[in-house]
Every structure is written in structure tokens, then in C-alpha cells.
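I have placed the structure first, in the form of C-alpha cells, so that the comments after it can refer back to it.
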Amino acid sequence: MSPTAALHSTVFQIYVAITLGLLVFAGLAIAILKWGFKKDMTHPWASYRGWLIMIPLLLLCIFLGRIPTIVFFTAVAVFGFKEFARATGLYEDWGMTGAVYLGIIGVGIVSVVPNPRLDVPGWYGLFSIFPAYVIALILLIPILRNRVKGQLQAIALAVVGFVYIGWMFGHVIFLSNSTHAYGYLMYLLFAVEVNDVAAYTCGKAFGKHPLRSEISPKKTWEGALGALAVSMALPWVLHFSFPHFGVLECILTGLIVGIGGQLGDLSISVIKRDLHIKDMGALMSGHGGILDRLDSLIYVAPLFFHMVRFFHDIY
Amino acid sequence: MEPWEYHCADDLDRSLADRLRQFPRRPDMLVYGGRLAAMALVRTWMRAYHRFRVTGCENLPREGSFVVVANHSSHLDVFTLLMAFPMTKLHRVFPAAAQDYFFVSLPRVAFAAGVVNALPFDRQVGIKHSLGLCTGLLSNPGNVLVIFPEGTRSLDGVMHPFKPGIGLLLAGTPYPVVPCYIEGAHDAWAKGKWIPRPRRVRLFIGTPRVYSELKPGKQSALQITSELEDAVASLAPNGGTKQTRQDGGEETASTKIERK
């Protein structure tokens, strides 16, 4: 990944055209509904403004190359964990949160440095074992403090925070090292968002049967199945992203995004319901926090990463 | 199994900009880390590019809360004063910054609250409220309040009359006030200029004074304001020409220094 490679990458250019085209289309649709049909577009407009910032920023980082992309996603993970820590109350424990911040930055660093034994970018061996070191560091903190009370809860929250946001999401960071980084990264980001939109749209149009009433009352089986159908079709529609994928990989990609996306959404809902909060943060009006935006991607990224690694390796 | 208790941040639904605008702000590890990193860069810049020197550091009180006042002609002034404190003290030093300028757009809020640790001072309609914030800040031992009593940056580099708010804040209180004089900041980065120039900047720190014996009131405020104005002016190394003028109203003892 580099600016020169991006300028010569058909995959990158097609995704830029698709996303910017969708942005223009959505902007026109909002304008027509607002001024032509006098509809209240306050919420869609707030959401659209968020996309107007997020999409160009993301495309710029990917265009600039591997290291800017890794730095960007690492920063996203740091602020995502900050939301988690503020929501769970862990933020008051500076030792634990500091250890997790260090762990997340460490994931970024091992994604940048080359493997000393192989001439490839990113030290995958260390990346895959990294949670062991971070958990060891987290467990060390109460020992150094010589403190017991409340430490199990703090340790548990810190471990979940690191593994969920630092490491699972870290697979998106590490994908930047792949020889097919543009295809894998941009497909994953695009497909997960399309899956979310499809679930919402199908749920609105046909939804009758609640998917998990205690966790997320508005999600329906109809929405989830509609999203799965769309996600199953996407690998064929966007096959230029990974031309080396056969039928089995395309089916698995569709299943991972279609089912994993919904499970990721429900996972963050479980956390929010238990904490009695609506959103994990208030980063952008209309989007909630970083974790509300990334919930599906966090769940899908490691599954997709290891599916790719099993069939083709990432290099 | 007993359910765990979670103590969610009570400002979870507020955006980052809103959280930075509020005062007093909650301690935040990422903000502290960012501030230390930014100030390390600023310190290197000040020493290398502006050949920064400080005189009189020993005059800063070692314990308790205190106030620092100085002349104001450049955005560099606040960095100059922050250079007088060790990095470990930075999170306890609060420069008062104009709310209508620094606490409006997100980039300025991020800079003022995140990097400088500024206290939002409403200099137009909420002066009493802002003075209350300052008093509350000083009541916590160890905090340092930095104030530029001229109220705004001088356009010509000449020190302008102090506003009496500093007197109202200090009259009858036990908090020491340290007068400081900043030399060269206007030449280095004057108001309206985009790029700082490589000019020498120096900070002179005077001896602290306390106004606990004065009764709070308008007369005491004017006396303190006048004394501090003279104290800051007297620190100027070139012994600049003083011009006393009668403005009438509240600002009766204003002093100007014309630097050569």
C-alpha cells in the first residue's frame, strides 16, 4: 500500500468511485426528500454528515499507504477502548486502562514492524500471541498494587476490552500488510456497512418476528435474513476485490459477513443493555460512538482474516 | 452470583468537544498524555527557535495555590509562562483563556483545553461566573491560575492598562500573586501574523505578593490592579518608559510601557 500503488490499483479506484458515488446519491436523495417532499430529514442528515467526514478520512488514510492506515486504525481502537472504559467505569482505574492502551498501541507496532525471520511486513507470530503478553501485564497490575478488592472485575473488563477492541479489531489493522490489502480491507469495510444497512432496511420493510427480544427489540429475523441474502450476493458482485477466491471462499465470506455482522451488532447490544446505556459514546451525531459504528466489523474481521489465511495466506 | 456494579461516566452522552468545554474538566489519561507530548514539542520549539530563557524561577511558590499575571502581546505568552513550570505540574496550571475565542470551534477547543489546559473565561457577560470559577480553582491547593489582566493581546507590543477583574479576584484572599514580564514574544509572533519569527523570548518572574489584608471591594481591586500593573512593568529589563494615564471610571492607575 502506497499512494503510487493506490493510483495504479483498479480495486482502490473502483471502491473510491462506489463510495463517493453513494455519498453523492444519498446527499441528493436527502435533498429531494427534504425540499421536494417536505419530509423531516433531521436524523438522516445528521447521519449523512458523519459519513461525509468518515468516508473521505478513511479513503485518504488508505490512499496514503500502509503505515498511515495502521496508525489510523490503531487510533480508532484506542478511542474505541476509551468509550468502553468510560461506559463500564473502568476509566477510573488508570493502571488497567493504561495497560490496555499500551496493548493496543503494541498491536499497532507489531503490525508495522517486519517479521525478523521472513521478509514480509508485519510480525504475524507476535501479533497472534500478543494477547498473552497484554493479559500478563493486566494480571500484574493488582500484584504490583498489592490490592485485592474489586480487582477481578477490573481485570475482566480490561481483558475483554483488549481482546475485543484491541485484538479482534486488530485484525483489520493487520490486514493492511496483505498483498491484497486494498481488496480485503475495502471489501470488509464496505460489506459490513452494506450488511448493516440491509438489516435495517429489510427489518423496516418486512420485520415482524423479533430476533432477540431481550437484547435488541427492534432487530427482526426478516431483517437478519435479508442482510444475509445481500451479504451472500456481495462476494460475487464485488469479486474484483479478491479475484483469486473460489466458490467456497465466496460462500464463506458471505456467511461470515452476513451472520458475523448481526452477531457483532447483538454483542455490543448485550453490553449496552447490561450497562443500561443507549450508545457507547457521542462521537458523531447520528452515529453514536465508535463502538456503535464498528460493532459488526470487530466481530467479522478476525473470522474473515483467518478464513483468508487458511485458504491463501494473507501475503 | 451477585451482579457487578458499573459506574458509567455520567457525561457519556456528551461529545468530546462538549466534555472539553466544561470546567472543571475530569482528569483524562489520553488528554494528559496528549498534553505532555504536545508540550514536549512546544518546549523544544521554544528553546531551539526562540532561544527561550527564564529568570526568577525561584520566586514561584513551592506550595499551595497561586496566581501568575503577565503582559500579553502574543499567543506565545501562554507557552512562555508554562515553560516556567515542570512537566509534572502542567495539569495543575490553568491559563485563563477567552471563552468567546478559544472555546467556540472544535480545533480551538481541542487546543485550548487539551494542550494548554485553559480555563474558559467569559470576558463579556459572565465575568462574575468566571471569577467564581477562578476562586473555586484556587481553593484546591496546588492549582496555578495564569491570567493576562490586559484582557487581550496588545496589537503594538505596548503593555496596556490592566482590567480590574484581577483585583476583584485577589482582594482579601490568601493566594499569592506572581507578576511576570514577557519580553520578545510580540516580535516573535505578533497578533495577526501567521508564522512565528525566530526572535529571542525571555521571561522574568518577580517576587510574589499577597493581598489578604485588603477588604474585598472596588477600591481594593483598583489598588491591587494598579500595583500589579506597576510590578509587571518594573520587571521589564530595558526599563521601558512608563506613561501613567487617567482613563477615568474603574481604570484609574493604568500604566503603559513603551519598549524601545
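The values are calculated or read from the model by the stated rules, or taken from the named source; none is laboratory data. Nothing here was measured: the structure is a model prediction, and the numbers come from that model. Glycine also receives a Cβ, built like all others from the backbone with ideal geometry; neighbour counts cover every protein chain displayed. We work out accessible area using only protein heavy atoms, side chains counted, and drop any ligands, DNA or RNA first. Shrake-Rupley method; radii C 1.70, N 1.55, O 1.52, S 1.80 Å.
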Amide proton proximity set for A:Leu211, modelled H, under 5 Å, gap of 5+: A:Lys219, A:Thr220, A:Trp221
For region A:56-66, Karplus couplings with θ = phi - 60° (6.51, -1.76, 1.60), whole Hz, Gly/Pro x: x, 5, 5, 4, 5, 4, 5, 4, 5, x, 5
Those residues of region A:9-25 whose amide nitrogen sits under 20 Å from the label point placed on A:Met54, 7 Å along Cα→Cβ: A:15-25
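Antiparallel versus total DSSP beta bridges in the protein assembly as shown: what percent is that, nearest 5? Mind dumping the intermediate values first?
On the way: 14 of 31 bridges.
Bridges in the protein assembly as shown that DSSP calls antiparallel: roughly 45 percent.
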Most mobile of B:Arg26, B:Arg92, B:Arg53 in a GNM of chain B (Cα contacts under 10 Å): B:Arg26
Most mobile listed residue (B:Asp13, B:Asp230, B:Asp187) in chain B, GNM with C-alpha springs under 10 Å: B:Asp13
Those residues of region A:262-296 for which accessible area with every protein chain present is at least 40 Å² below the isolated value (1.4 Å probe): A:Ala282
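Calculate, for A:Tyr315 and B:Asn59, the FRET efficiency according to 1/(1 + (r/R0)^6) with r their C-beta to C-beta distance and R0 51 Å; round to the nearest 0.05. Intermediate results must be reported in sequence, preceding the final value.
On the way: r = 62 Å, r/R0 = 1.22.
Calculated value: 0.25.
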Gyration tensor verdict on chain A (Cα atoms; rounded if a/c is under 1.5, prolate if a/b is larger than b/c, oblate otherwise): oblate
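Extension gain B:Gln219-B:Lys193, at 0.36 nm per residue separation less the Cα-Cα distance, in nm?
So the chain would gain 5.5 nm between B:Gln219 and B:Lys193.
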B versus A: buried accessible surface, summed, Å² (probe 1.4 Å, to nearest 100): 1800 Å²
Total charge dipole magnitude, the protein assembly as shown, about the Cα centre, Cβ charges on Lys, Arg, Asp, Glu only, Debye to nearest 20: 1100 debye
Karplus (6.51, -1.76, 1.60) ³J(HN,Hα), θ = phi - 60°, over region A:79-84, in Hz, Gly and Pro reported as x: 6, x, 5, 4, 4, 4
Cα→Cβ-extended label distance, 7 Å offset, between A:Phe25 and A:Ala205, nm: 1.3 nm
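Which of the peptides A:193-200, A:269-276, B:150-157 is most tightly packed, and how do the rest follow, judged by the mean count of other Cβ atoms within 10 Å per residue?
Numbers: A:193-200: 20.6, A:269-276: 15.1, B:150-157: 17.0.
With the highest mean Cβ count within 10 Å placed first, the list reads A:193-200, B:150-157, A:269-276.
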Most mobile of A:Ile298, A:Ile155, A:Ile290 in a GNM of chain A (Cα contacts under 10 Å): A:Ile155
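What does the structure give for B:24-31 when I average, per residue, the other chain Cβ atoms found within 10 Å of the residue Cβ? Before the final figure, lay out the partial values.
Details: counts 0, 0, 3, 3, 4, 7, 8, 0.
Averaged over the peptide's residues, the number is 3.
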Estimated distance in nm for a label pair at A:His239 and B:His129, the labels positioned 7 Å out from Cα along Cα-to-Cβ: 6.4 nm
Solvent-accessible area per residue for the protein assembly as shown (1.4 angstrom probe, square angstrom): 48 Å²
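Can you give the mean number of other chain Cβ atoms that lie within 10 Å of the Cβ atoms in peptide A:146-157? Can you show the working numbers first?
Details: counts 0, 0, 0, 0, 2, 0, 1, 3, 0, 0, 1, 2.
Across A:146-157, the average partner-chain Cβ count within 10 Å equals 1.
Grab the beta carbon distance between B:Leu155 and B:Met87, set R0 = 45 Å, and tell me the FRET efficiency rounded to 0.05. Don't skip to the answer; put the middle values down first.
Details: r = 33 Å, r/R0 = 0.72.
Efficiency, from the Cβ-Cβ distance: 0.85.
From the gyration tensor of the Cα coordinates in region A:80-168, what semi-axes in whole Å does the equivalent ellipsoid have, largest first, with each one equal to sqrt(5λ)? Kindly include the intermediate steps, with their values, before the conclusion.
On the way: eigenvalues 143, 38, 16 Å².
Three semi-axes, in Å: 27, 14, 9.
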Pairwise label distance in nanometres, A:Ser2 with B:Asp11, each label 7 Å out on the Cα-Cβ vector: 4.5 nm
Unsatisfied cross-links (Cα-Cα over 25 Å) in the set B:Lys163/B:Lys215; B:Lys128/B:Lys163; A:Lys82/A:Lys218; A:Lys39/A:Lys82; A:Lys39/A:Lys218: A:Lys82/A:Lys218; A:Lys39/A:Lys82
Kyte-Doolittle mean at least 0.0 and Cα axial length at least 15 Å: DSSP H helices in chain B: B:29-49, B:127-138
Placed amide H near B:Asp122: partners under 5 Å, 5+ positions off or other chain: B:Gln99, B:Ser130
Accessible surface of region A:1-64, 1.4 Å probe, proportion on carbon and sulfur as whole %: 76 percent
Efficiency of FRET from Cβ geometry, A:Ala75 and B:Asp230, R₀ 41 Å, rounded to 0.05: 0.25
Positive-end residue, the protein assembly as shown charge dipole about Cα centroid, Cβ charges, pick of A:Val110, A:Tyr299, B:Leu155: B:Leu155
Amide N of region A:210-247 lying under 19 Å from the label point, which is placed 7 angstrom from the Cα of A:Leu33 along Cα→Cβ: A:219, A:223, A:227
Whole-Å semi-axes of the ellipsoid equivalent to region A:179-315 (Cα gyration tensor, √5λ, descending): 27, 17, 12
Amide proton proximity set for B:Phe94, modelled H, under 5 Å, gap of 5+: B:Val144, B:Leu145, B:Val146
Whether the protein assembly as shown is rounded, prolate or oblate, judged on the alpha carbon gyration tensor where a/c under 1.5 counts as rounded: prolate
